[in-house]
Amino acid sequence: MNKELIINTYEDDILLFKENLLGQLENNILRYENETDSFQINLTNQTFTKENLESILEINPKKALLTLKELEKSFDIELSEHTFSNEKNKIMIRYLLESQEKPLKIEIEMSDINAQNK
């Protein structure tokens, strides 16, 4: 099912950017893309995957895995913090990797396309 998404990305509760994108929600998996990355969020097992030309970052509640495509190598990254919530049409993911100074938080509001026109 196609969804309209409002995505706010924060670093330590400071808004870095806001995006209005289209996504697809099927079998409890949300997929969307921006200009540089593609994202997949599995609402059932609470995993978050971000992929671009160079790498794939997979975050689950217990660990993070970074795959460098050119080297064809994967590295476990210590996950200092992980919070995931999915309530109604709002998803919140907050994580802190050992390589980051401040946690990142992604808030996604989903709505059906043209829901505001009904």
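Only the coordinates and a few stated rules stand behind these numbers; no lab work does. This one's a predicted model, so the numbers in the text were calculated from it and none came from an experiment. Glycine gets a Cβ as well: all are built from the backbone with ideal geometry, and neighbour counts include every protein chain shown.
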Dipole check, segment 57-118, charges on Cβ (K,R +1; D,E -1), about Cα centroid: among Leu79, Ile91, Ile106 the Cα furthest to the positive pole belongs to Ile91
Zone reached by a paramagnetic label modelled 7 Å from Glu11 Cα along Cα→Cβ, restricted to segment 69-106 with backbone N below 16 Å, covers 95-106
In whole Å, largest first, the alpha carbons of segment 33-76 cover along the principal axes 30, 26, 8
Shape descriptors of the chain over alpha-carbon atoms, Rg and Dmax in angstrom, are 14.5, 50
Once both label points are put 7 Å beyond Cα along the C-beta direction, the Glu72-Glu35 separation in nm becomes 3.3
For Lys102, the lysines lying under 25 Å Cα to Cα, once residues fewer than eight places off in the same chain are dropped, come out as Lys18, Lys50, Lys62, Lys63, Lys90
For Asn60 and Met92, extending 7 Å from Cα along the Cα-Cβ vector and measuring point to point gives, in nm, a value of 2.4
